[in-house]
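**Q** Here it is, the structure, as structure tokens.
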Amino acid sequence: MNKTLRTELMKSMFGFKSLMVNSHHRPKAHMNDMIILDIIAFNAKNPDKNAYFSDIQEFMQISKPGVSQLLRSIEKRGLIERKIDERDKRKFVMSITDEGKKLMCSKRKHLDTLMDEIIERLGEEDTKELIRLFNRLGDVSKELKNEDKEKE
């Protein structure tokens, strides 16, 4: 395999991650915080569906201890509340606090502005190609993860 190509791919991926995580004038929140808040907010729109620990674990594809640590962190900062589910006492239901909603609104505006600027500079055709490539990268990553599980 071409070592230069491998290095350039990693450099590009980390550069993009850095843009998303470290952009200037952004509200103080980690990307993982925003993902969790989005999952909870999405589920809150459906009155018959609550956001559960397993929803977050499945979406983020991280370990149970990893999810627990993230939830404790954002709960300590007053962004979410966890309560025992009335329908199933073994589970916790999560809801977003007013502070969490303010942060989401601020972060959403920032991300919308950032995405609009990126789309404007890339142009529609390159943006669509980038989306296609990100989707392909996600598919390849899932394939590799499944192959690793089969080896275990």
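**Q** Output the qualifying pairs, or none if there are none: Cβ atoms under 7 angstrom, residues six or more apart or on different chains, first residue in region 97-126 and within 24 Å of ILE39 (Cα to Cα), second residue surrounded by 11 or more Cβ atoms within 10 Å (Cβ to Cβ) and among the acidic types (Asp, Glu).
**A** THR97/GLU81
**Q** Right, next: Within region 58-68, count every residue that is surrounded by 12 or more Cβ atoms within 10 Å (Cβ to Cβ) and modelled with pLDDT of 85 or more.
**A** Residues that pass the stated criteria total 3.
**Q** Here's something else I'd like to know. For region 29-47, does any single residue satisfy the condition of being modelled with pLDDT under 85, of a type in the set (Lys, Arg), surrounded by 14 or more Cβ atoms within 10 Å (Cβ to Cβ) and out of contact with any Asp or Glu (no Cβ under 9 Å at 6 or more places or on another chain)?
**A** The answer is no, given that none of the residues of region 29-47 is modelled with pLDDT under 85, of a type in the set (Lys, Arg), surrounded by 14 or more Cβ atoms within 10 Å (Cβ to Cβ) and out of contact with any Asp or Glu (no Cβ under 9 Å at 6 or more places or on another chain).
**Q** Can I ask one more? Please work out which one of (1) under 19 Å from the mean Cα position of the chain (by Cα); (2) among the aliphatic types (A, V, I, L, M); (3) assigned to a helix (DSSP H, G or I) is the condition MET94 fails and give its number.
**A** (3) is the only condition that MET94 fails.
**Q** Another question, then. Going through SER141, SER106, SER73 one at a time, which residue ends up being surrounded by 11 or more Cβ atoms within 10 Å (Cβ to Cβ), among the polar types (S, T, N, Q) and in contact with a His (Cβ under 9 Å, 6 or more places away or on another chain)?
**A** SER73 is the lone residue from the list that is surrounded by 11 or more Cβ atoms within 10 Å (Cβ to Cβ), among the polar types (S, T, N, Q) and in contact with a His (Cβ under 9 Å, 6 or more places away or on another chain).
**Q** Here is a follow-up. Can you tell me which residue among LEU103, LEU71 is closer than 13 Å to ALA51 by Cα, assigned to a helix (DSSP H, G or I), hydrophobic (A, V, I, L, M, F, W, C) and at pLDDT 85 or above?
**A** LEU71
**Q** Can you tell me how many residues within region 76-103 are of a type in the set (A, V, I, L, M), surrounded by 15 or more Cβ atoms within 10 Å (Cβ to Cβ) and out of contact with any helix residue (DSSP H, G or I) (no Cβ under 6 Å at 6 or more places or on another chain)?
**A** The first filter runs over region 76-103 and keeps only residues of a type in the set (A, V, I, L, M), leaving 79-80, 84, 93-94, 96, 103.
Among the residues that remain, those that are also surrounded by 15 or more Cβ atoms within 10 Å (Cβ to Cβ) are: 79-80, 93-94, 96, 103.
Applying the additional criterion that residues be out of contact with any helix residue (DSSP H, G or I) (no Cβ under 6 Å at 6 or more places or on another chain) yields 93, 103.
Number satisfying all stated conditions: 2.
**Q** Are there any pairs, at least 6 apart or on different chains, whose C-beta atoms fall under 7 Å, with the first in region 66-89 and under 13 Å from ILE56 (Cβ atoms) and the second part of a loop (DSSP other than H, G, I, E, B) and modelled with pLDDT of 90 or more, and if so, which?
**A** ILE80/THR97
The values are calculated or read from the model by the stated rules, or taken from the named source; none is laboratory data. Bear in mind that the values here come from a model prediction, so they are computed numbers and not experimental data. Please note: Cβ atoms are built from the backbone with ideal geometry, for glycine as well, and neighbour counts cover all protein chains shown.
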